[in-house]
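Right, one structure below, let's go through it.
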Amino acid sequence: MNLPTGEHLPGRAYLHGRELEDLAVSFLVLVLLFSNFDPYDIPYVLVAVLTAFIFHELAHREVARRYGYIAFYKRWDTGIALALLIGIFTKLLTGNTWIFAALGAVHIYAPYQYWYDKEAYGKIGLAGPLTNIAVGIVAIVLMRLLTPFTIPWYVLRVTAGVNLWLAFFNLLPVPPLDGWKVLRWNTGYWAIAIGVAYLLRAFI
């Protein structure tokens, strides 16, 4: 088992060097993609990507550690390169950035268990999208309390959109996405979660 810097032990809730670096790199790439490579849009997507990506990954990590697993985020350099290439190419070709969001994942190790716990992995997988859905709902509610088309309203709109998009994307039932793990554990929970993520986008 190769753990970055040897610092990731069960029960430790804080972040360390390599994990912080991997989260930061993935975060910055997603900010570029969701801003459509437009410097003027970057401030508006910072909150959206922070809540959608960082909260999503930390939710996976926290639930996994509550089950006693060793869990830490690790970026996927090939995915980051693909995301940037696809984003730049589609931006030049169509004017809009197509987003490939598989930039890394929370890696989970079970040092004292040698079987695949379908329920545990399903709940760990569901934690990220559920966090996105919760943030999306809060953002939609707050939008309704603000004057439309103001800067705070627009930030909340982008935050809701990015969170619900990421929830829906990750719940697609395709390995290694979260949806595949949730579907293998409980079809009903998967169907409800992906349905809610999809339907809530109508309120943005």
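The values are calculated or read from the model by the stated rules, or taken from the named source; none is laboratory data. Quick caveat, the model's predicted, so the values are computed rather than measured. We place every Cβ from the backbone using ideal geometry, glycine too, and count neighbours over all the protein chains shown. Ligands, DNA and RNA are stripped out before the accessible areas are found, and what is left, the full protein with its side chains, is counted by its heavy atoms. Shrake-Rupley method; radii C 1.70, N 1.55, O 1.52, S 1.80 Å.
Out of Arg157, Arg144, Arg201, Arg184, one residue alone is touching a residue at least 60 places away in the same chain (Cβ under 8 Å), among the basic types (Lys, Arg) and either open to solvent by 50 Å² or more (accessible area, probe 1.4 Å) or in contact with a Gly (Cβ under 6 Å, 6 or more places away or on another chain) (or both). It is Arg184. Quick one: in region 36-56, which of the residues that are within 23 Å of Ala197 (Cα to Cα) and over 16 Å from the mean Cα position of the chain (by Cα) is modelled with the highest pLDDT? Step by step, filter region 36-56, then rank; the result is Asn36.
Within region 110-162, the residues that satisfy the criterion of being at pLDDT below 95, among the charged types (D, E, K, R) and closer than 15 Å to Lys181 by Cα are Asp117, Lys118, Glu119.
Would you check if Val155 is part of a helix (DSSP H, G or I) and within 23 Å of Leu33 (Cα to Cα)? Break it down into steps so the answer makes sense when it comes.
Values: part of a helix (DSSP H, G or I): yes; within 23 Å of Leu33 (Cα to Cα): yes.
It is true that Val155 is part of a helix (DSSP H, G or I) and within 23 Å of Leu33 (Cα to Cα).
Determine whether Ala191 is modelled with pLDDT of 95 or more, more than 27 Å from Ser35 (Cβ to Cβ), out of contact with any helix residue (DSSP H, G or I) (no Cβ under 8 Å at 6 or more places or on another chain) and surrounded by 14 or more Cβ atoms within 10 Å (Cβ to Cβ). Explain how you work it out, then say what you get.
Working: modelled with pLDDT of 95 or more: yes; more than 27 Å from Ser35 (Cβ to Cβ): yes; out of contact with any helix residue (DSSP H, G or I) (no Cβ under 8 Å at 6 or more places or on another chain): yes; surrounded by 14 or more Cβ atoms within 10 Å (Cβ to Cβ): yes.
So Ala191 passes the test.
Across region 90-109, the qualifying residues are those that are of a type in the set (Gly, Ala, Ser) and either surrounded by 14 or more Cβ atoms within 10 Å (Cβ to Cβ) or touching a strand residue (DSSP E or B) at 6+ places or on another chain (Cβ under 6 Å) (or both), and the one among them that is nearest to Asp38 (Cα to Cα) is Ala101. Being surrounded by fewer than 20 Cβ atoms within 10 Å (Cβ to Cβ) and in contact with a Pro (Cβ under 9 Å, 6 or more places away or on another chain) is the filter; apply it to region 68-89 and report the residue that is farthest from Val25 (Cα to Cα). Filtering first and then ranking leaves Gly68.
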